[in-house]
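Written below as structure tokens is the structure these notes are about.
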Amino acid sequence: MLKKLALSGVITHLLILVVIVLILFFTPQVSFSSILPPLPVATAGTWLYGWLSANPLLLKPLSIALLLVISLLFNAMLIRHEVGLRSSLFPAVMTMLLMLYTPDAIYLIITEVSLLLLMVSMHNILNLYGEQSPKYMILNATMAVAVASMFIPELIVFTLFVWFGMFTYRINSWREWVISILGLLIPYIYLAFFYFWNDNLAFIIAVYENYFRNWTFHMIKPATMPFITLCALAFTGLISLARFLTDASDKIISLRKKMWITAQFAFAGVGVIIIAGSNVSMLLPVLFLPMAAALSYTIINSRRTWFMDAVILLALLTIIANRINV
């Protein structure tokens, strides 16, 4: 059933996207009680949270618009790098379906802005294959990660994604590795200069020192229904990612490496989830992007689809149940 839907064409996919947007607009967001406002160490995140709090009427339309932009851009990225099916919006459909399981718009927008920056990083890493002078792409990738970490500090883990990508493409020159570190430092140097210019450098240093000194991992136990949904999503993601990576070994070298880069984005996302503590639910969209790519690939390329259909539909039903507060 899902395979026929995946191959049904762009018009059908656009209609499904319209339906999902209406569901997002007219149904409440999933209620996650454990999410905390951005800490002072997330300088950009704190500023954005304050601006959004002052403009509550913009929250839902802006969050939905950003979700749609992220889904379509990610779909275009997959097609551009031959990981997705041409003339298809099915990865965007799967992304939007997964994004139904997201928190309140004020937190979701912060994650969405960070996710756009991570997509810039991912696009630059995917472009590294066959590049004779990759230093600019590596610089862009690491700078995007550094700026994203100013919205959500845990996203600094995606530095490992950049480095794993460099290992995948066998970039051995010491210059590129130094550039990757400089890319991480440059945004923070500008941030330090900004606080220095405003006579607040000692304040921001104290904020970061307090953050690292008092960092603890604490996760609030989820309620029964959210826990079931998380288990269903994890099981679905593992099955699809296993199929995705198994098939990667049969592809040409360029496509194989790009499929591994997509999987490494998921691995970095898991690392972020592990250290996120009570803000796990806020960071789930980081995992939904590579999960949507793997699910789309698995559905399109499966011969026996009934099992994957059942697993995916079960996960989607639990998401809908959370959204309508069953």
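The values are calculated or read from the model by the stated rules, or taken from the named source; none is laboratory data. Every value quoted in this text rests on a predicted model; they were computed, and no experiment measured them. Cβ sites come from the backbone with ideal geometry, for glycine too, and all protein chains shown count toward neighbours. Surface accessibility is based on the protein's heavy atoms, side chains included, excluding ligands, DNA and RNA. Shrake-Rupley method; radii C 1.70, N 1.55, O 1.52, S 1.80 Å.
Observations, loosely collected:
- Taking all protein chains into account, the per residue accessible area for segment 120-214 stands at 57 Å² (1.4 Å probe).
- Pairwise label distance in nanometres, ASN127 with TYR211, each label 7 Å out on the Cα-Cβ vector: 2.8 nm
- Heavy atoms of LYS60: accessible area, 1.4 Å probe, square angstrom to 10: 60 Å²
- Cβ-derived FRET efficiency at R0 25 Å, LEU160 paired with LEU238, nearest 0.05: 0.80
- A Förster distance of 41 Å, applied to the separation of the beta-carbon atoms of TRP177 and ILE324, puts the FRET efficiency at 0.25.
- Spatially proximal lysines relative to LYS257 (Cα-Cα < 20 Å; intrachain offsets below 8 disregarded): LYS135
- Sparsely packed loop sites in segment 108-186 (the GluC sites (Glu not before Pro) outside DSSP H, G, I, E and B with at most 15 other Cβ atoms within 10 Å) comprise GLU131.
- Accessible carbon and sulfur surface of the chain relative to its total accessible area, %, 1.4 Å: 71 percent
- Virtual spin-label span in nm between ASN198 and PHE227, 7 Å along Cα→Cβ: 4.3 nm
- Charge sum, other residues only, whose C-beta stays under 14 Å from GLN264's C-beta, Lys/Arg counted +1 and Asp/Glu -1: +3
- Given (i) 1.09; (ii) 1.41; (iii) 1.00, the label whose value is Cα Rg over 2.2 N^0.38 Å derived from this model: (iii)
- Potential extension, LEU22-ILE275 segment - 0.36 nm per residue separation minus Cα distance: 87.7 nm
- Check: segment 189-326 dipole with +1 on Lys, Arg Cβ and -1 on Asp, Glu Cβ, in debye: 480 debye
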